[in-house]
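What follows is a short report on a single structure.
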């Protein structure tokens, strides 16, 4: 019914607004808000100047394909359906729009692509498919370019895709995955690819507050040693844990690439990926612990002149304190998962690196115990004693299990030295 039918729609219970009265105001008009999947504008470079060749490849891959013609000939008569509409031969890629064109600036033909749903056709799949279709037509893909922005996960998925094709471990840093994606798809052929300007999350992070984990090692150490109470033991515990699992991830990557162990690369790659996930979570918690501490300080600084202000201040302190308990407890839970990786690497990983698995286990135990100390000291200031009893019991269970796991792993390591 469009705008003219809006007044009538307000009388239908199914069109009841989520918020506000179901009243039509003819003076205010209407605002329509919609959302769609992220669109990636992507161009693929060809070693030809022929727009016709570029179009042929574009028609091969784009979802709507090309018009069907008599005898499959380019010059044949178009075939129509019963409604008089052209019958189309669909392309190989869903959620893809594409056309060929010539770019004067670069002196080459390109395939200009809109990826309307990268969860259906990711950028790396589009690139590989164009490479295949171009090859059948005697054309070579030389590189590509991103016209606008792209989500981080799309680049990471591309990096993993190309590493997997090489039988290489996928448990590497985001920086390495992005590098592999850029080189594999030739995203730096026409000009330098700058992740900080092309990846959405990195663009948004420019205006975000500085994080501890972005400091170099010396500055982080000096910040810890300063008279500021944060970062403190909680953040340091999380960082120790991230280093511990990083050692396990290193052993997995070394094992994945070890000569003669090619048949086991996928197994070690899975361990490396698991280790990298834990490492990322612990690194995130480095800053979260300091943020939690600062929230307690902010709560204590709230005004307390009136009874209402005192009540609000106390409530804020209690909420901040509970959060400051849960962050190091999350560190404990996350770090404990590292023992599985470290034990596997001590048992089956590269024997030349077995000591690294042992050091990793020592670091993870220190992380768990250090985080538990922070849970306990913050729990002393919480009024909800039932919650305190429960969380301390759970924390003690994790600590006890961590002690046992460390001994198990060290026994394996000592037996191989």
In the stretch 248-265, the residues that are assigned to a helix (DSSP H, G or I) and in contact with a helix residue (DSSP H, G or I) (Cβ under 8 Å, 6 or more places away or on another chain): 248, 249, 250, 251, 252, 253, 254, 255, 256, 264, 265
Got a sec? Which of 222, 214 is more than 22 Å from residue 375 (Cα to Cα), exposed (fewer than 15 other Cβ atoms within 10 Å of the Cβ) and under 20 Å from the mean Cα position of the chain (by Cα)? 214
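Does the stretch 9-28 contain at least one residue that is closer than 24 Å to residue 117 by Cα, within 42 Å of the chain's Cα centre (by Cα) and surrounded by fewer than 13 Cβ atoms within 10 Å (Cβ to Cβ)?
no
Considering 5, 76, which residue is at pLDDT below 80, exposed (fewer than 13 other Cβ atoms within 10 Å of the Cβ) and touching a strand residue (DSSP E or B) at 6+ places or on another chain (Cβ under 6 Å)?
Being at pLDDT below 80, exposed (fewer than 13 other Cβ atoms within 10 Å of the Cβ) and touching a strand residue (DSSP E or B) at 6+ places or on another chain (Cβ under 6 Å) holds for just one of 5, 76, which is 76.
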If residue 152 satisfies every condition in (1) under 24 Å from residue 91 (Cα atoms); (2) in contact with a strand residue (DSSP E or B) (Cβ under 6 Å, 6 or more places away or on another chain) but one, which is the exception? (1)
Filter result for residue 136 (assigned by TED's automatic domain parsing to the domain that holds residue 185 and surrounded by fewer than 19 Cβ atoms within 10 Å (Cβ to Cβ)): yes
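Condition check ((1) assigned by TED's automatic domain parsing to the domain that holds residue 252; (2) modelled with pLDDT of 95 or more; (3) surrounded by fewer than 20 Cβ atoms within 10 Å (Cβ to Cβ)) across all residues:
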| position | (1), (2), (3) |
| --- | --- |
| 275 | yes, yes, no |
| 278 | yes, yes, no |
| 293 | yes, no, no |
| 308 | yes, no, yes |
| 332 | yes, yes, no |
| 335 | yes, yes, no |
| 346 | yes, yes, no |
| 360 | yes, yes, no |
If we scan the stretch 197-210, do we find a residue that is in a helix (DSSP H, G or I), closer than 29 Å to residue 253 by Cβ and over 23 Å from the mean Cα position of the chain (by Cα)? no
Number of the exception - residue 38 against (1) surrounded by fewer than 19 Cβ atoms within 10 Å (Cβ to Cβ); (2) in contact with a helix residue (DSSP H, G or I) (Cβ under 9 Å, 6 or more places away or on another chain); (3) at pLDDT 95 or above; (4) under 27 Å from residue 191 (Cβ atoms): (3)
Scan the stretch 178-187 and give yes if some residue there is touching a strand residue (DSSP E or B) at 6+ places or on another chain (Cβ under 8 Å), in a loop (DSSP other than H, G, I, E, B) and surrounded by 11 or more Cβ atoms within 10 Å (Cβ to Cβ), otherwise no. yes
Tell me which residues, restricted to the stretch 213-228, are closer than 20 Å to residue 282 by Cα and assigned to a loop (DSSP other than H, G, I, E, B). 215, 216
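Yes/no matrix, rows are residues, columns are (1) surrounded by fewer than 22 Cβ atoms within 10 Å (Cβ to Cβ); (2) touching a residue at least 40 places away in the same chain (Cβ under 8 Å):
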site	(1), (2)
171	no, yes
175	yes, no
189	yes, yes
207	yes, no
227	yes, no
230	yes, yes
247	no, yes
257	yes, yes
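The values are calculated or read from the model by the stated rules, or taken from the named source; none is laboratory data. Everything numeric in this text was worked out from a predicted model, so none of it was measured. Ideal geometry is used to build each Cβ from the backbone, glycine not excepted, and the neighbour counts take in all protein chains shown.
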